[in-house]
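Remarks on the structure that follows.
The values are calculated or read from the model by the stated rules, or taken from the named source; none is laboratory data. It should be emphasised that the depicted structure is a prediction, and the values quoted were computed from it without experimental measurement. All Cβ positions, glycine included, derive from the backbone under ideal geometry; neighbour counts span all protein chains shown. Keep in mind that these areas ignore ligands, DNA and RNA; they rest on the heavy atoms of the full protein, side chains included. Shrake-Rupley method; radii C 1.70, N 1.55, O 1.52, S 1.80 Å.
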Amino acid sequence: MTDTTATTTGEAGPRPPLLKRLVRSRTARAVTAAGLVGVLLGAGTVAWRTDTLPFIAAPAPCWDTFDDALTERVFGDRETVAETQRLGNDPNSRTAVFGQCRITGYKDEEKARAAKQLTVQVRRPAGYGRQDVWPAEFLGADMVPLGSGLPGMVSPVRAWLALPESCTGRAGILSAPAVVDLAWGDLALSGAVPERDRKDRAALAEAVVAVTNGVLRELGCSGTYPAPAPDKLADLVGWQKAEPGAFCGVEGLSAPAAYSDSLGRVRVGPDGGAARTCEAGGRYPPGYLRLTTVVDPTLAQIFADEADYGGTRLDRTAGGPEGFGSINVTRGVYLAQCQTGEVAFVIERREAVSSVAGKGANLIRALLPKYVEAEAERIGCGPIRLELPKVLE
């Protein structure tokens with residue numbers, strides 16, 4: 001992950017978990033005491049409890065980042081309640097920073113009807129090999145690059161930004177970067193009203209940068225990320241008819257004829273960011289098939305375990321860059337050592353669709369070698385030729 005000028009000025013050691021619960025109104029902010037009871041979070045079990053206290057001055061939610069102006073842009077004029085957990089370190093890893101913040105917007109002043117909830121997390125994603133669904137949620141086709149100097153991506157319902165390793169350190173050779181991510185509850189919320197999607201995406205872009213800078217400040221690190229330019233984000237990603245001979249925008253790649261109807265519509269993310277994803281098969285469910293190329297060397301490590309242990313081993317023919325991968329009935333992953341560093345090529349079968357159910361293994365086998373070959377050529381990492389095992393284990 002591209003580093004920034006942020007540098008560590010003091011090590012963030014373990015601190016006891018603490019939750020601050022804040023109620024936002026147009027005129028006041030309230031804070032309640034926090035103690036310990038139980039909630040399971042991220043890398044370990046973290047507990048919290050709240051007891052109401054009289055109104056007193058308090059920092060803004062999410063590590064003093066969601067001031068009234070930012071909250072207004074993200075939630076409109078809704079009343080909000082925020083819960084912020086103090087940032088801490090995984091006791092099993094000195095560099096695995098984690099923490100969580102939740103802000104809930106309500107439809108009425110009595111807070112009887114919740115309208116939407118934003119969850120903010122600081123964590124180090126682990127990927128599918130360790131049962132982490134982060135790639136499925138934060139590397140979707142609707143994610144676009146945040147912009148120059150910002151190693152992250154944003155959609156109308158998701159955003160993430162990597163913390164610089166100069167601040168957080170690195171847990172290991174095959175570890176993913178520590179990230180700050182923001183998520184609305186439902187991935188299907190985007191795509192219906194383009195103007196609203198643009199507004200929501202711009203607000204999330206601003207919010208993820210503000211929160212990440214707050215996390216850097218909380219950890220005692222110097223440096224900040226530049227403000228995003230929401231008006232310069234790539235166009236919204238929509239569904240379109242698959243192009244023959246250039247499936248998912250990859251020249252020379254075609255879906256097998258038996259799947260031409262089922263995979264007739266695709267949603268292709270833009271280049272220029274940490275990852276480029278194509279979802280094929282239609283909006284409901286969102287993308288029966290997903291093809292992802294992760295060009296950021298550090299982020300590609302999310303798939304290292306899956307590439308190594310996810311199924312039957314993949315071999316490459318002589319020549320071309322070094323690499324390793326695996327294939328099973330639902331996913332094929334290959335990590336190649338390209339000129340720019342490691343690149344992950346991933347094809348995965350998503351939710352079953354009746355018209356293609358039961359054919360997933362054949363589809364993964366049919367597409368993966370051609371996808372890796374064509375994508376490697378497209379991004380300037382090649383030539384790569386894969387040899388599939390004769391029998392899947």
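General observations
- Close contacts from the range 305-333, counting a first residue that is free of Cβ contacts under 8 Å to residues at least 12 places away in the same chain and under 27 Å from Tyr288 (Cα atoms) and a second that is open to solvent by 20 Å² or more (accessible area, probe 1.4 Å) and of a type in the set (Lys, Arg), with Cβ to Cβ under 8 Å and a gap of 6+ residues or different chains, come to none at all.
- Taking the range 223-274 as the range and being of a type in the set (Lys, Arg) and in contact with an Asp or Glu (Cβ under 8 Å, 6 or more places away or on another chain) as the test, only Arg267 passes.
- Pick from the range 237-266, criterion open to solvent by less than 30 Å² (accessible area, probe 1.4 Å) and outside any loop (DSSP other than H, G, I, E, B), ranking: modelled with the lowest pLDDT: Tyr259
- Of the criteria (1) open to solvent by 30 Å² or more (accessible area, probe 1.4 Å); (2) on the phi > 0 side of the Ramachandran plot, which one Asp200 fails: (2)
- Single residue of the range 198-235 satisfying the filter (hydroxyl-bearing (Ser, Thr, Tyr) and touching a helix residue (DSSP H, G or I) at 6+ places or on another chain (Cβ under 7 Å)) that is farthest from Arg276 (Cα to Cα): Thr224
- Annotation: Leu291 fulfils all but one of (1) touching a Cys at 6+ places or on another chain (Cβ under 6 Å); (2) over 20 Å from Pro369 (Cβ atoms); the unmet one is (2).
- Members of the range 50-72 found to be outside any loop (DSSP other than H, G, I, E, B), modelled with pLDDT of 70 or more and on the phi < 0 side of the Ramachandran plot, listed by number: Pro61, Asp68, Ala69, Leu70, Thr71, Glu72
- Selection status of Ala183, aliphatic (A, V, I, L, M), modelled with pLDDT of 95 or more, open to solvent by 10 Å² or more (accessible area, probe 1.4 Å) and closer than 26 Å to Gln301 by Cα: yes
- Test result for Ala227, of a type in the set (A, V, I, L, M, F, W, C), surrounded by 13 or more Cβ atoms within 10 Å (Cβ to Cβ), part of a loop (DSSP other than H, G, I, E, B) and without any contact (Cβ under 8 Å) to a residue 24 or more places away in the chain: yes
- Ala112 being surrounded by 18 or more Cβ atoms within 10 Å (Cβ to Cβ) and either modelled with pLDDT of 80 or more or assigned to a loop (DSSP other than H, G, I, E, B) (or both): no
- Some residue of the range 137-145 being modelled with pLDDT under 90 and closer than 22 Å to Asp271 by Cα: no
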